[in-house]
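Notes for the one structure printed next.
The values are calculated or read from the model by the stated rules, or taken from the named source; none is laboratory data. This one's a predicted model, so the numbers in the text were calculated from it and none came from an experiment. Methodologically, a virtual Cβ is constructed for each residue, glycine included, from the backbone with ideal geometry; neighbour enumeration extends over all protein chains shown.
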Amino acid sequence: MASEQRGERTKLTDISAGQSVYDADGNELGTVRGIDDAGFYVLAPEGAATVSLDEAREVFGRASVMWRCWNCGTMGRIEGGLPERCPDCEAPREELYYWAED
């Protein structure tokens, strides 16, 4: 990963899927799962703590937490949890993730 140091912040200039991501203390946060215009998404290592829907809503607010399909990009309202499959492409639940919509 190429980076450019600016004061105490590091600007990422090259990142790719499968690359490991670390916090400022050198602890691995996971690997890059994908990249889009909003940034990059990290697949947490096995055994990492998960975020419940209630915890996500505490951070993002009840109205703005949705689900999104990693496979096709479809988004939908969360009604009682993530659906079992994406209604558009039939991707399994493992391909769906919480999404904060503005």
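Things to note:
- Single match in Glu79, Glu94 (criterion: at pLDDT 75 or above and either in the same structural domain as Gln19 (by TED's automatic domain parsing) or under 24 Å from Ile15 (Cα atoms) (or both)): Glu94
- Considering residues of segment 83-102 that are of a type outside the set (A, V, I, L, M, F, W, C) and in a loop (DSSP other than H, G, I, E, B) only, the residue nearest to the chain's Cα centre (by Cα): Glu101
- Segment 18-43 - residue that is in a loop (DSSP other than H, G, I, E, B) and either in the same structural domain as Cys69 (by TED's automatic domain parsing) or over 21 Å from Trp67 (Cα atoms) (or both) and, of those, modelled with the highest pLDDT: Asp25
- Whichever residue in segment 65-87 is under 20 Å from Gly34 (Cα atoms) and of a type in the set (D, E, K, R) and, among such residues, is surrounded by the most Cβ atoms within 10 Å (Cβ to Cβ): Arg68
- All positions within segment 1-17 that are part of a loop (DSSP other than H, G, I, E, B) and at pLDDT below 70: Met1, Ala2, Gly7, Glu8, Thr13
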